[in-house]
Amino acid sequence: MPVAARSNDETRKRELSSSIAALAPWFHNIDLNGVQTAPEHFLGNYPGDKFARFANIFPADLTGKSVLDIGCNAGFYSVEAKRRGAARVVGIDSDDRYLAQARLATDALGFTGVEFRNLSVYDVAALGEQFDLVIFMGVLYHLRHPLLALDLIREHVAGDAMLFQTLQQGAREVADVPEDHPFFEPGTYTPPAYFDAPGYPKMHFIERKFAGDWTNWWAPNAAASQAMLRAAGFTVEAQADGDVYYCRVAPVPFGQYGPTAVYPAKGGTSS
Ligand SMILES: C[S@@+](CC[C@H](N)C(=O)[O-])C[C@H]1O[C@@H](n2cnc3c(N)ncnc32)[C@H](O)[C@@H]1O
């Protein structure tokens, strides 16, 4: 590299490093053309290493597609969607500092036109739009009302597919559950034993902290993740790395009895 070009590159890297430092700490380590945003991440190269373990279920080609990244953080998955040709990418998060990180990262990588907005998952109706792919990674367990969030995503923004991930705890096995649950085993006053089976869908409620973080409220087992996705009107088409699910929009069970989401659609087009 000629001396002048090398000096320009060093200046660019120095300026970028100082912009990154001004927005620290970062939860996403993103490689901004030779400058990393979180090289000392406590989970290693995160989420790059995790992504490598489920990249096989992330659509390889998103040419012309619209993508909504809910809880986008510093935009790692928004960037991956752009890399795969997505025509429209909207990232939403409830934290302005993370949104500023996402803007810095996409600008530094030269991805123009990615829209980042401060919007809670509970208010996705305000987007007034359905997306070909919704990315809902790493947010569910931070919510006090997780099934409501899935219902709202299904009702207002999920147009076709959803990539979903959650913290999980407990059994990885998935038990077959009956279509209907009797109070008692037939002919007895004994409650059915299967509620205590490891593979029965269970949400573990975290009253205090998980890994030192008080914003973690729930940890489903694998059966509960899958059952909640189905209950919200998604079919699971693929699973990778234990806790990542590629889902497709499906009819909402019991939908014939009325809408499942009872949260007011603030700013939305439907009531
Ligand atoms: C563990 S990070 C996951 C980030 C990214 N999706 C990933 O999988 O790496 C959780 C993100 O969700 C955001 N978040 C938490 N509650 C939210 C809410 N109600 N609506 C939108 N984003 C939320 C946080 O600010 C944070 O950026």
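Worth pointing out:
- Note on the chain: with charges restricted to the Cβ of Lys and Arg (+1) and Asp and Glu (-1), its dipole about the Cα centre is near 640 debye.
- Here the scattering of segment 78-139 is modelled by Debye summation over its C-alpha atoms, one equal scatterer each and no solvent; at q = 0.17, 0.18, 0.27, 0.30 Å⁻¹ the log10 of I(q)/I(0) is -0.59, -0.66, -1.39, -1.50.
- 3J(HN,Hα) along segment 123-135, derived from phi through the Karplus expression 6.51 cos²θ - 1.76 cosθ + 1.60 where θ = phi - 60°, amounts to 10, 4, 4, 5, 5, x, 7, 9, 10, 5, 9, 9, 9 Hz, with x in place of Gly and Pro.
- For segment 42-147, average projected area of the Cα convex hull in nm²: 7.1 nm²
- Here segment 138-208 is described by how far its Cα atoms reach on the three principal axes: 47, 31, 21 Å, from widest to narrowest.
- The chain, relative contact order [Cα under 8 Å, separation at least 6], %: 16 percent
- Pairwise Cα distances in the chain exceed 30 Å in 35 percent of cases.
- Taking Lys and Arg as +1 and Asp and Glu as -1, the other residues whose beta-carbon sits under 13 Å from that of residue 8 total +1.
- Taking packing as the residue-averaged number of other Cβ atoms within 10 angstrom, the listed peptides 2-11, 251-260, 95-104 run from highest to lowest as 95-104, 251-260, 2-11.
- Taking the average, over residues, of other Cβ atoms within 10 Å as the packing measure, peptides 240-250, 71-81, 224-234 rank 71-81, 224-234, 240-250 from highest down.
- Amide proton proximity set for residue 116, modelled H, under 5 Å, gap of 5+: 91
- Protection proxy ranking of 168-176, 149-157, 203-211, by the mean of other Cβ atoms within 10 Å over each peptide's residues and highest first, is 149-157, 168-176, 203-211.
- Residue-averaged 222 nm ellipticity for the chain, from DSSP H runs of 4+ at -39500 (n - 2.57), nearest 500: -8000 deg cm²/dmol
- Rg and Dmax of segment 199-271, both derived from C-alpha coordinates alone, stand at 15.2, 42 Å.
- Which of 121, 236, 139 has the fewest Cβ neighbours within 10 Å, and the rest in rising order: 236, 139, 121
- Across segment 1-60, Cα-Cα pairs more than 15 Å apart make up 59 percent of the total.
- Segment 79-233: mean projected area of Cα convex hull, nm²: 11.5 nm²
- Residue-by-residue Karplus 3J(HN,Hα) for segment 211-222, coefficients 6.51, -1.76, 1.60, Hz, glycine and proline x: 6, x, 10, 6, 8, 8, 10, 9, 9, x, 7, 4
Computed from the coordinates by the stated procedures, all read-outs in this text should not be read as laboratory data. None of these values were measured; they are calculated from a predicted model. Using ideal geometry, Cβ is built from the backbone for each residue, glycine included, and neighbour counts are taken over all protein chains shown.
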